[in-house]
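Take a look at the structure below.
The values are calculated or read from the model by the stated rules, or taken from the named source; none is laboratory data. Note that the structure is a prediction, hence the values are computed from the model and not measured. Cβ sites come from the backbone with ideal geometry, for glycine too, and all protein chains shown count toward neighbours.
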Amino acid sequence: MTDRLLTDAELQLMNILWEAGEGTVRAVLDGLPADRPLAYTTVSTTLRILEGKGYVTSRKEGRSHVYVPAVEKPGYEKRSLRHLLGGLFRGDRLALVRQLIDSEPVEEAELKALQQLLDDKLGGER
């Protein structure tokens, strides 16, 4: 697998496969949001590119190929976050978290969950 991150289009298809566990071109196409339609050939080509990059594997079933993620989502999330943190935020974790909570409205329940995560990380000290 390459160290390059996925393009937006590749990530969109991978999210569908991660959620479903596997899928044919048609199943992936059907999983796309209505406001983001892609052609069958575009999805097929992108899945073959993902296979070439090592992100998915495929098996033949009848006349179709079934694509299966070869990379687990949590591992890719971790790698993407490291890339974002090291690049844009130059390793400043606090700046990353600050941007996450200041740039968009955050529900009170999410803030409480974040506080719980911090409390757990600190060993319950407050």
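Here is how the numbers come out for the structure above:
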quantity: Qualifying residue in the stretch 54-65 (condition: touching a helix residue (DSSP H, G or I) at 6+ places or on another chain (Cβ under 8 Å), modelled with pLDDT under 95 and under 25 Å from Arg4 (Cα atoms)); calculated: no
quantity: Filter result for Thr24 (surrounded by 12 or more Cβ atoms within 10 Å (Cβ to Cβ), among the polar types (S, T, N, Q) and under 25 Å from Asp3 (Cβ atoms)); calculated: no
quantity: Tally, over the stretch 87-112, of residues that are farther than 25 Å from Ile16 by Cα and either of a type in the set (Phe, Trp, Tyr) or surrounded by 11 or more Cβ atoms within 10 Å (Cβ to Cβ) (or both); calculated: 11
quantity: Of the criteria (1) exposed (fewer than 11 other Cβ atoms within 10 Å of the Cβ); (2) assigned by TED's automatic domain parsing to the domain that holds Gln99, which one Lys78 fails; calculated: (1)
quantity: Search result, residues across the stretch 2-16 that are polar (S, T, N, Q) and surrounded by fewer than 18 Cβ atoms within 10 Å (Cβ to Cβ); calculated: Thr2, Thr7, Asn15
